[in-house]
1. Starting from the amide H of residue A:73, placed 1.01 Å from N in the peptide plane, find each other amide H under 5 Å away whose residue is 5 or more places distant or on another chain.
2. Suppose we keep just the DSSP beta bridges with both residues in the protein assembly as shown; what percent of those would be antiparallel, to 5?
3. In Å, what Rg and Dmax follow from the Cα atoms of the stretch A:65-178?
4. List nothing, just return the count: lysine pairs in chain B, 8 or more apart or interchain, with Cα separation under 26 Å.
5. State the volume of the convex hull built on the alpha-carbon positions of the stretch B:76-181, expressed per residue in Å³ and rounded to an integer.
6. Which whole number of Å³ per residue matches the convex hull of the alpha-carbon atoms in the stretch A:15-136?
7. With charges set only on the Cβ (+1 for Lys and Arg, -1 for Asp and Glu), what does the dipole of the stretch A:1-128 come to about its Cα centre, in debye to the nearest 20?
8. Calculate, in whole percent, how much of the Cα-Cα pair population of the protein assembly as shown lies beyond 39 Å.
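Just so it is clear, none of the values below were taken in a lab; they were calculated from the coordinates. What you are looking at is a predicted structure, and each value in this text was computed from that prediction instead of being measured. Counting neighbours? That spans all protein chains shown, and the Cβs are built from the backbone with ideal geometry, glycine included.
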Amino acid sequence: MEPMILPNIHDYHKIDVYESHGGYQMLRKALGMKPEEVTDEVKKSSLRGRGGACFPTGLKWTFMPKVTTKPKYLCINGDESEPGTFKDRQIFEVNPHLMIEGIIIAAYAMGIKTCYLYIRGEYNKWIKMVQKAVDDAYAKGYIGENILGSGFTTNLYLHRGAGAYICGEESALMNSLEGDRGYPRIKPPFPAQFGLWGCPTTINNVETISNVPLILNMGWEAYSKIGHPKHPGPILVGISGHVNKPGVFEVPTGVLITDLIYKYAGGVPGDKKIKAIIPGGSSTHIMRGETIDGVTMDADGLKAGGSSVGTAGLIVMDEDTDLIKVITRITKFYYHESCGQCTPCREGTGWMFKMLKRFENYEARLEDIDLLLDVANNIEGNTICALGDAAAWPVQSMIKRFRDEFEKRCMKPAESGQEVLVK
Amino acid sequence: MVHLFLLFTFYFCPDYLALLLFPFDLIMLSEQSLQRIEELKKRYPSPRAVVLEALWMWQDEHGWISQEGMKEVGRLVGIPPHEVLGIVTFYTMYNTKPVGRHKLEVCTNVSCMLRNSEKIVKHLQNTLNIKVGETTTDNRFTLVEAECLGACGYAPMLQCGDEYYENLDEAKVDKILSELK
């Protein structure tokens, strides 16, 4: 498949080059259609969100009230901070105009006059690049008053975050945008009813919105034939860890994970075996290396494989990896990033981290494995947002699939009553 | 005597008295930033939304966000200083104490860890003769560990200012250190 989101064309981030390859033509086409027709097109294409939850994008758009006295907002989530994920950054760098075109089309489809693009604070270099692209689009009349003479007006503003993983959660992002601490909100009410400043809001991921012009370009029928029928389209897979050629690859969904590792990322250094992979960013379930054959990179394929597609950030670990160290580091991350609103997450992530530290230092007892699992089970599902689940899943799956690794790290009571190390 | 007087004014007097006596001592944002804040306010239905950007401006101009900074930013966007403190401490990128001229943030999260970010941290600690979280005596470098910075495919990496230094090894780190004056 020819890459469409990250095309291999020199200087594609410049507006002239983008236009000379048919850029902003889909905006013209969309403005000639009725807003409902645009939403319908996206709905029929079965595009699913690329931010982790795989929610059907067209359906999300239809939740926006058609008649309302309040202003409506569109919010684009560019706060990618999930360990293993680095795809949005490539869009900002290589193809910002595709994203901008997608944003304006989406704003038109939902009748939105104000759009915010929230980008994480660390990406200041890329924020400047995107700002340049937005300014160019303003200058050419693709954003602003009376776009291309259609009478439709919308504005796009960039908003810089300041370093908080939780702000990638949509309701926390809204609080952060309003100038508050990034605390997630209880749902319902959902953003489409009560979002930014209490007004109807839609939040889409950067990669999701970049798919919208592609759908209009090729038509929903052709788009829905790319990759897996239930989760179609091109997907950006970021491969990191123990591979020869790590990076972001644009592939159709439904591609084999083994192909991604061996064909795209050049295999494992030293031809070592794969001990484990994390398929969709650090919060998805970890998988044993032996079980990845035949598993495909899409929502259904990974569900069957016992994990989820997440943000398609594939982390590969070779046979020499110390998995206890890996899970301790992942849990430390969630402990650090928990916003502190819900007790199970705030306290539980800390407890898990301390216990895992004991495993790392060969100081744990055998019964600590079940205790750790118990803590994880009590976090899952008992918090306002999904960060609690995201912290619990890697620990649960690690214990389920690599219990032997934990057992090896336990102290064994010796006959003398003194405790000695097994290893 | 003068010293005592100064001490009295700054520590025991209400702010407005200090303001009356020493208006020249107030640290402010530059005229350009103040203008920019007013422009940004037009983008949002509530001026409060500008707080993150205003704090960024303060940090860019002064290196870190002091209590005076929080008060001033709070005044500009119309929220009380204690709420600004809550915001500053929530987000990890705001410095609540002075840092060196170059803040080196080494990612140690999972993808970087698998590619030996520990070695980079150790090398930096040995070369700069400081521990993580400390600043060199000449105030040139501050070394901190960071959570995932979104460069997993180019690990190990470190961030300094806006710049990302990727695919690091020890020789590359030495070169970067010599370039940052």
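1. Long-range HN contacts for residue A:73: A:201, A:202.
2. Numbers: 25 of 53 bridges.
Taking every DSSP beta bridge within the protein assembly as shown, about 45 percent pair in antiparallel fashion.
3. 14.3, 43
4. 25
5. On the way: hull volume 12.5 nm³, N = 106.
Once divided by residue count, the hull of the stretch B:76-181 is 118 Å³.
6. Details: hull volume 15.2 nm³, N = 122.
For the stretch A:15-136, the hull spanned by Cα atoms encloses 125 Å³ per residue.
7. On the way: 18 positive and 15 negative charges, 108 e Å.
Dipole size: approximately 520 debye.
8. Value for the protein assembly as shown (Cα pairs over 39 Å): 32 percent.
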